[in-house]
1. Taking Kirkwood radius over Cα pairs in Å straight from the coordinates, which label in [x] 18.4; [y] 17.6; [z] 19.6 is the correct one?
2. Among the aspartates and glutamates, which fall within straight-line cross-link reach of LYS85, defined as a Cα-Cα distance under 16 Å, with same-chain neighbours fewer than 8 residues apart omitted?
3. Using a 1.4 Å probe, what is the accessible area per residue for the chain, in Å²?
4. Rounded to the nearest 0.05, what FRET efficiency do ALA77 and THR6 have when you use their Cβ-Cβ distance and R0 = 45 Å?
5. Just in the stretch 14-67: which GluC sites (Glu not before Pro) are loop by DSSP and have at most 13 other Cβ atoms within 10 Å?
6. With loop defined by DSSP as not H, G, I, E or B, and exposure as at most 15 other Cβ atoms within 10 Å, which is the longest segment of the chain clear of exposed trypsin sites (Lys or Arg not before Pro)?
7. With every protein chain kept in the model, how would you rank ASP201, ASP170, ASP194, ASP180 by accessible area, 1.4 Å probe, largest at the top?
8. Might you work out the accessible area of PHE192 for me, using a 1.4 Å probe with all protein chains in place, and round it to the nearest 10 Å²?
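The values are calculated or read from the model by the stated rules, or taken from the named source; none is laboratory data. If you're wondering where the values come from, they're calculated on a predicted model, not measured in any experiment. All Cβ positions, glycine included, derive from the backbone under ideal geometry; neighbour counts span all protein chains shown. Heavy atoms of the whole protein, side chains included, go into the accessibility calculation; ligands, DNA and RNA do not. Shrake-Rupley method; radii C 1.70, N 1.55, O 1.52, S 1.80 Å.
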Amino acid sequence: MAYRKTEAVLKKQAMTRERIVRAATELVVEEGYAGCSMAGVARRAEVATGSIYQFFPSKGELFAEVFRTAVSREVVATSQAGAEKLTSSARASILAAAETFCTRAMRSPRMAYALIAEPVDPLVEAERLVFHQSFSDILATAINAAIAAGEVPDQDAGITAAGIVGAISDVLVLPLSRGDTGERVLPALLAFIDRALGRPD
């Protein structure tokens, strides 16, 4: 008869897995992706290094999960910020979504740099692309609403959204890598996005 794990064993395994992911996330926030190792995660999670491989066969798979969790959190926060402004102005919704992402990035520069630009494992890079697409989709939805409301000129919302995401990434990458975004970066970036959206004729 095949061995079946009891509910208690499954719960313990789930808690261990969660602890490993949380430890890995904390290390990315503190050290960035390059500063993380499986041994370091094991020490932080207070488990044997070999225990990590029971859940994640490679560093790439572990940190893909870390990025997946972080991406989901950022997408939710950005989407909510945009939705809160949508009732008053679709244009304001776009800027609120962008501002929320930038503000959150500045609060956690190492994690944000890892999400945006740090050299990573291909499995982690795949999650980065998902993040870019998800953020672009949020902005594209708001841009289409702004077009329908006559707040911005007719345009390809998807291309504009992707351009905004690219601009945010390029503007923030160096400040985030230095851990110093400065006071002028966010206002200037939001002003650029506002200009990029255009004004109706």
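1. [x]
2. GLU99, GLU151, ASP194
3. Accessible area per residue: 54 Å².
4. 0.75
5. Passing sites in the stretch 14-67 are GLU46.
6. Between exposed loop sites, the widest span is 6-183.
7. Largest accessible area first, the residues go ASP201, ASP170, ASP180, ASP194.
8. Roughly 100 Å² of PHE192 is accessible to a 1.4 Å probe.
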